[in-house]
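The structure appears right after this line, and notes come after that.
Any read-out appearing in this document is the output of simple, stated calculations on the displayed coordinates, not a laboratory observation. Predicted, not measured: the structure shown is a model, and the values here were computed from it. FYI the Cβ positions are ideal-geometry reconstructions off the backbone, even for glycines, and counts take in every protein chain you see.
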Amino acid sequence: MSLNILIVDDSTVVRMSIIRVLKIAEIPLDNVFQAANGQEGLDVLEDNWIDMVLADINMPVMNGEEMIEKIRANPMWKDMPILVISTEGSKTRIERLEQKGAKFIHKPFPPETIREVICEMTGIKHEQQV
Ligand SMILES: [Mg+2]
């Protein structure tokens, strides 16, 4: 099984670096979609099958928290795995995101961390080198 992943971050550089880490972590990827804010993220979700969302918090137009609320409000996406990746994040904000059913990891993080979290959240197995 390989994943369709949506990366929502207002920085192209950050999106690229997340994709690089996903590859280093050997996450089995099918399609990687990108969006620059929460609204674009919702638009991508409307039009594509997505297995997991990786999201930033601070973004113009619609921030990550508001996007997560809208995702959870849609019955189709209520169980969507959502991982918030940010340098920022107060304890209260992290708790609020977790209450909305998202996980949080601080940047920067080693590839092993994201591999572990993604495998746990999606149920995929890390494909060992043969
Ligand atoms: Mg940002």
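Brief remarks follow.
- The alpha carbon gyration tensor of the stretch 75-119 gives principal lengths a ≥ b ≥ c with a/c of 1.5 or higher and a/b no greater than b/c, which makes the shape oblate.
- FRET efficiency for the pair residue 13 and residue 76, taken as 1/(1 + (r/R0)^6) with r the Cβ-Cβ distance and R0 = 22 Å, rounds to 0.10.
- Added length on full extension, which subtracts the Cα-Cα distance from 0.36 nm per residue, residue 125 to residue 1: 43.8 nm
- Computed over neighbours whose Cβ is under 10 Å from that of residue 39, the net charge equals -2, Lys and Arg +1, Asp and Glu -1.
- Computed from Cα positions, the angle between helix 111-122 and the longest principal axis of the chain comes to roughly 70 degrees.
- Helix 12-24 axis, angle to the chain major axis (alpha carbon atoms, nearest 10°): 30 degrees
- Only helices enter this figure: runs of n ≥ 4 DSSP H residues, each worth -39500 (n - 2.57), summed and divided by the residues of the chain, yield -12500 deg cm²/dmol at 222 nm to the nearest 500.
- Filter on 23/125; 91/125; 23/100 - keep pairs with C-alpha separation over 20 Å: 91/125; 23/100
- Residues 13, 44, 61 in ascending order of nearby Cβ atoms (within 10 Å, fewest first): 13, 61, 44.
- Prolate/oblate/rounded call for the stretch 3-122, Cα gyration tensor, a/c under 1.5 rounded: rounded
- The angle between the Cα long axis of helix 64-73 and the main principal axis of the chain comes to about 90°, on a 0 to 90 degree scale.
- Electrostatic bookkeeping for residue 5 treats Lys and Arg as +1 and Asp and Glu as -1; over the other residues with beta carbon under 12 Å from its beta carbon, the sum is 0.
- Neighbourhood charge, 10 Å Cβ-Cβ cut-off, centred on residue 121 and excluding it, Lys, Arg +1 and Asp, Glu -1: -2
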